[in-house]
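Since the structure comes first, as structure tokens, the remarks are kept for the end.
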Amino acid sequence: MAFSARRTTAVIAALAVTAVLPAPPAHAISNGVPDGSAHPNVGLLALDEGGEHIAWCSGFYAGENENEDEAGGVFVTAAHCLAGVPADSQFSVTFDSEVTIDPETFVTTAAEWLPSAGFATADGIDVGVVLLAEEPAVAAVELPAAGLLDDLAARGALRPRTVFDNVGYGLVPSFKRGPASYDLAPGRMFSTSLFQSLTSNWLRLLTNADVREGNGGTCFGDSGGPQFVHGTNMTVALSAGGDPLCRARSRNQRLDVPGARAFLDRFMQIP
């Protein structure tokens, strides 16, 4: 389905505003702030091991599982978060913004989990899904139409000062005193990053707060978390990697490309 002119115009307008106005203040994900209730559809994926939940990756609720024989919801994360995990493992998901790794905070367990095939290859798609046994009581994120980022780039809406929103539960890096250090986040975190470049598979963002005060990025544990068009509920990519220190740039899997769309279309209707 083609992206409607009205929706394209709305996204361009959102990006255009961020190109001329300062990003929201960020002072504590990387150089971020607690997200609170701003993004209730972004959750923490935990691996259940020995009766305990181990924080694993981030992700987001994308909507109802529309396969006829399967109920529940679709939680999207990075494929590399699910690869290599023993087949008899169990995952759980919580959308608690101030999560403690407590079984009572996990709203649903996973019925099944699937990484996309070949994600580790040069042209692979780093997208995975955790099929939830029940639908969570949160609204789904909005997914992009095919080629949305290419369309925006062609229209001149992606510029060096364009801002994207990051949300996740990962570690908080610090570079101010001595070697880099990493602390546990107090819960779901929010930061903003500046556009760097676009490839056929990746949205690359600058995560160095020194490039422009107030911006930051993502770090370990944020994998699978979304990159939103600034100030909207539309996620155009998910966190997939970056530089080893979480200091300079992030590499984010585009969700508007054919491979990602074909994979997600197996479970739900996409724009």
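Going by C-beta contacts inside 10 Å, put D151, D222, D35 in order with the fewest on the left.
Values: D151 19, D222 30, D35 23.
If I rank by nearby Cβ atoms, fewest first, I get D151, D35, D222.
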Return the long-range amide H neighbours of D48 (sequence gap of 5 or more, or a different chain), with a cut-off of under 5 Å between placed amide H atoms.
I54, Q90, F91, S92
Mind listing the phi-derived Karplus ³J(HN,Hα) values for segment 191-203, rounded to whole Hz, using 6.51, -1.76 and 1.60 with θ = phi - 60°, and x for any glycine or proline?
8, 10, 9, 8, 4, 10, 7, 10, 10, 5, 10, 10, 9
From the backbone phi of segment 71-79, what are the Karplus-calculated ³J(HN,Hα) couplings (6.51 cos²θ - 1.76 cosθ + 1.60, θ = phi - 60°) in whole Hz, Gly and Pro given as x?
9, x, x, 10, 9, 9, 9, 7, 4
P(r) histogram, all alpha-carbon pairs of segment 155-271 included - 5 Å bins from 0, percent:
2, 12, 21, 25, 19, 12, 6, 3, 1, 0
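Highest mean first, what order results for 241-253, 137-149, 82-94, 54-66 on Cβ atoms within 10 Å?
Working: 241-253: 19.9, 137-149: 18.3, 82-94: 15.6, 54-66: 21.6.
By packing density, highest mean first, the sequence is 54-66, 241-253, 137-149, 82-94.
Any read-out appearing in this document is the output of simple, stated calculations on the displayed coordinates, not a laboratory observation. Model, not experiment: these values are computed from the prediction. Glycine gets a Cβ as well: all are built from the backbone with ideal geometry, and neighbour counts include every protein chain shown.
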